[in-house]
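Structure first, commentary second.
Please treat every number below as a calculation from the coordinates, not as lab data. Owing to the predicted nature of the structure, the values given are computational and were not obtained by experimental measurement. Counting neighbours? That spans all protein chains shown, and the Cβs are built from the backbone with ideal geometry, glycine included.
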Amino acid sequence: MAKMQIQLKVNNRDVEVLAEPRTLLIHLLREHLHLTGPHIGCDTSHCGACTVDLDGRSVKSCTVFAAQADGGEIITIEGIANPDGSLHALQEAFREHHGLQCGFCTPGMITRAYRLLRENPDPSEDEIRRGISGNLCRCTGYQNIVKAIRVAADQMKPTREAAE
Amino acid sequence: MIPASFDYHRPSTIGDAVELLVRHGDEARVLAGGHSLIPMMKLRMATPSHLVDLQAIADLRGIREENGAIIVGAMTTQRELIESTLLAERCPIIGEAALQIADPQVRYCGTLGGNVANGDPGNDMPAIMQALDASYQVIGRGGGREVPAREFYEAPFFTALGDDEILVSVRIPAPAEGHGYAYEKQKRKVGDYATAAAAVVLTMSGGTCKSAVVTLTNVGGTPLVVEAAASALVGTAVDERAIDEAVTQAKAVADPASDGRGPADFRRHVAGVMTRRAIVRALERAR
């Protein structure tokens, strides 16, 4: 069971890690790359705290082998902020609208919302709720999370229109 | 939770993948989306020494129409099923069912092939494939063969698929224009398997039911085709009496276990409710 070289682009940085094939992506990120933003919540693919973006898909990194991601591009919560270091509209909106209490689910929640808004820049409340249905929050009751995502969508609209 | 060690393979052709299965026998497992196998490996209920990841095999992807049938590559994800305009137009029950599987993250990974080949009675697609009279194309050491979905499932996690075989695609006869369809699933929460679920596909002509199929998910060791429920509908106007009879037949065939989703009697009751709802909604949709 030889170790293998795993090449990834993580938060826009090329990395190469020597790891056992059985290494889960969440462990590679947290323990090899010291990106401790993605959390291990349930470790059974239910809670979504470990959600990261892999090749344009939101995935639960506790249920993906790092080997499967070999050659892929990953975004974690550490890579969500704007290039100048200012908070992403989603991060700003979660802060402004109390989209978190204990904060444990927040990295997964924001990383998932990031992909959701890429795919659907103007989601209804119902679409937001369905879109984050793979992410559990045991504090907020979701109300402010949904509100924060909706506010972020509005905030991102001018930037999007400028880009078009 | 850390799985047992294994060697990882990522072949780029079906032939290479079969070759790996032949070489390593029952020490090897194929990996599709991984959302059934990886949890089992983390619990060490599955400990393959060789994992054959199918993600790089282009021939296992895509949805296309061919000679009146819809061919779906085994590695097509649930999300791709939901987004497919071809399926939305020709066979919408597949997208409707896929949307009821797990959650968005899991649907980006989970595949049709994995869902139907795993043999888990909780999986939703087997009953859908049986309702559509689909067949599975499998390739192994001795070449290819086609197995009807209705003959594929033997017992929980036991299927007609051989150790050296890979399910490469699903062939679905395109349902008749104007057919009615519905998949009704009761689950306790997002991500759960069905307490009970029912698929119905039917065609109507001049107010009379010309054909019908009723199948059930997760109320037996395999998906169930309820022929007597279909017979109760065909030739009728699908009126209240015919529906009552179909529901009675579905409940008679359902044989659920008592588990965290409820006692057997309750789950059988739910199978009846899902059957009724699916028939009513399929009828509304039929033209």
In whole Å, what three semi-axes, largest first, describe the equivalent ellipsoid of the range B:186-287 built from its Cα gyration tensor (square root of 5 times each eigenvalue)?
25, 13, 10
Quote the relative contact order of the range A:29-140 in percent (integer), defining contacts as alpha-carbon pairs under 8 Å separated by 6+ residues.
30 percent
Taking R0 as 30 Å and r as the Cβ-Cβ distance between B:Ala4 and B:Glu151, the FRET efficiency 1/(1 + (r/R0)^6), rounded to the nearest 0.05, comes to 0.35
Could you compute the net charge surrounding B:Ala98? Neighbours are other residues with a C-beta less than 13 Å from the C-beta of B:Ala98; K and R count +1, D and E count -1.
-2
Along the charge dipole of the range B:109-179, Cβ charges K/R +1 and D/E -1, which of B:Ala176, B:Gly143, B:Gly122 sits furthest on the positive end?
B:Gly143
Residue exposure sequence - A:Phe104, B:Phe266, B:Phe6, B:Phe158 - by fewest surrounding Cβ within 10 Å
B:Phe158, B:Phe266, A:Phe104, B:Phe6
Amide N of the range A:19-34 lying under 19 Å from the label point, which is placed 7 angstrom from the Cα of B:Arg23 along Cα→Cβ
A:21-22
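Hey, could you get me the Stokes-Einstein D for the protein assembly as shown, Kirkwood radius over alpha-carbon pairs, 37 °C and 0.692 mPa s, rounded to whole µm² s⁻¹?
142 µm²/s
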Using +1 at the C-beta of Lys and Arg and -1 at the C-beta of Asp and Glu, which of B:Met75, B:Ala252, B:Leu60 has the Cα lying farthest in the positive direction of the dipole of chain B?
B:Ala252
Could you work out the local net charge near B:Arg141, counting Lys and Arg as +1, Asp and Glu as -1, over the other residues with Cβ closer than 11 Å to its Cβ?
-3
Computed, not fitted: 222 nm per-residue ellipticity of chain B from DSSP H runs ≥ 4 (each -39500 (n - 2.57)), nearest 500, equal to -9500 deg cm²/dmol
Determine, for A:Tyr142, B:Tyr183, the number of other Cβ atoms within 10 Å of each Cβ, and report the residues in order from fewest to most.
A:Tyr142, B:Tyr183
With -39,500 (n - 2.57) per DSSP H segment of 4 or more residues and division by the full residue count of chain A, the 222 nm estimate, nearest 500 deg cm²/dmol, is -10000 deg cm²/dmol
Max mean-square fluctuation residue, GNM over chain B, Cα-Cα springs under 10 Å, options B:Val147, B:Val201, B:Val213:
B:Val147
Using amide H atoms built 1.01 Å from N in the peptide plane, name the residues 5+ places from B:Val226, or on other chains, whose amide H lies under 5 Å from its own.
B:Val214, B:Thr215, B:Leu216
Among B:Ile2, B:Ile93, what is the fewest-to-most ranking by other Cβ atoms within 10 Å?
B:Ile2, B:Ile93
Please state, as a whole number in µm²/s, the translational diffusion coefficient that the Stokes-Einstein equation yields for chain A at 10 °C and 1.306 mPa s, with Rh defined as the Kirkwood radius across alpha carbon pairs.
98 µm²/s
Could you work out which residue, out of A:Asn11, A:Asn82, A:Asn135, moves most in a Gaussian network model of chain A, that is, has the largest mean-square fluctuation with Cα springs under 10 Å?
A:Asn82
Give A:Lys147/B:Lys42; B:Lys187/B:Lys251; B:Lys210/B:Lys251 a once-over and call out the pairs whose C-alpha atoms are over 25 Å from each other.
A:Lys147/B:Lys42
Can you run the Rg to Rh ratio on the range B:232-287? Use alpha carbon positions and the Kirkwood inverse-distance Rh.
1.06
Taking the Cα centre of the range A:1-41 as origin and charging only Cβ (+1 Lys, Arg; -1 Asp, Glu), how large is the dipole, in debye to the nearest 20?
60 debye
Max mean-square fluctuation residue, GNM over chain B, Cα-Cα springs under 10 Å, options B:Glu151, B:Glu184, B:Glu245
B:Glu151
Restricting to Cα pairs under 8 Å and 6 or more apart, the percent relative contact order of chain B works out to 15 percent
Would you tally the net charge around B:His50, using a Cβ to Cβ cut-off of less than 9 Å, leaving B:His50 out, and scoring K and R as +1, D and E as -1?
0
Per-residue ³J(HN,Hα) for the range A:147-161, Karplus 6.51 cos²θ - 1.76 cosθ + 1.60, θ = phi - 60°, Hz, x for Gly and Pro
4, 4, 5, 5, 5, 4, 4, 5, 4, 7, 4, x, 4, 5, 5
Between B:Thr236 and residues 5 or more places away or on another chain, which pairs have amide H atoms under 5 Å apart, with H built 1.01 Å from N, and which residues are they?
B:Cys209
Rough spin-label spacing in nm, given labels placed 7 Å along Cα→Cβ, for A:Val15 and B:Ser211:
5.4 nm
Return the equivalent ellipsoid semi-axes of the range B:1-136 as a descending list in whole Å, where each equals the square root of 5 times an eigenvalue of the C-alpha gyration tensor.
27, 18, 12
Rounded if a/c under 1.5, otherwise prolate or oblate - the range B:17-63, Cα gyration tensor axes
oblate
I need the phi-derived Karplus couplings for the range B:112-118: 6.51 cos²θ - 1.76 cosθ + 1.60, θ = phi - 60°, integer Hz, Gly and Pro marked x.
5, x, x, 5, 8, 8, 5
Evaluate the charge dipole of the range B:39-79 about its Cα centre and quote only its size in Debye, nearest 20, assuming +1 on the Cβ of each Lys and Arg and -1 on the Cβ of each Asp and Glu.
300 debye
Let me know the charge dipole size of chain B about its Cα centre in debye, to the nearest 20, where only the beta-carbon of Lys, Arg (+1) and Asp, Glu (-1) is charged.
680 debye
Would you calculate the convex hull of the Cα atoms in chain B and tell me its volume per residue in Å³?
120 Å³
Need one value for A:66-73: mean number of C-beta atoms belonging to other chains within 10 Å of its residues' C-beta atoms.
3
Under a crude label model (7 Å from the Cα following the beta-carbon direction), how far is B:Asp59 from A:Cys139 in nanometres?
5.2 nm
Amide H of B:Thr159 versus every other amide H placed in the peptide plane: which residues, excluding those fewer than 5 positions away on the same chain, fall under 5 Å?
B:Glu154
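From the square roots a ≥ b ≥ c of the eigenvalues of the alpha-carbon gyration tensor of the range B:88-179, which class results: rounded (a/c under 1.5), prolate (a/b over b/c), or oblate?
Here the range B:88-179 falls in the oblate category.
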In sequence order, calculated HN-Hα J values of the range B:141-158 (Karplus, 6.51, -1.76, 1.60; Hz; x Gly/Pro)
3, x, x, x, 8, 10, 10, x, 4, 6, 10, 7, 9, 9, 6, x, 6, 10
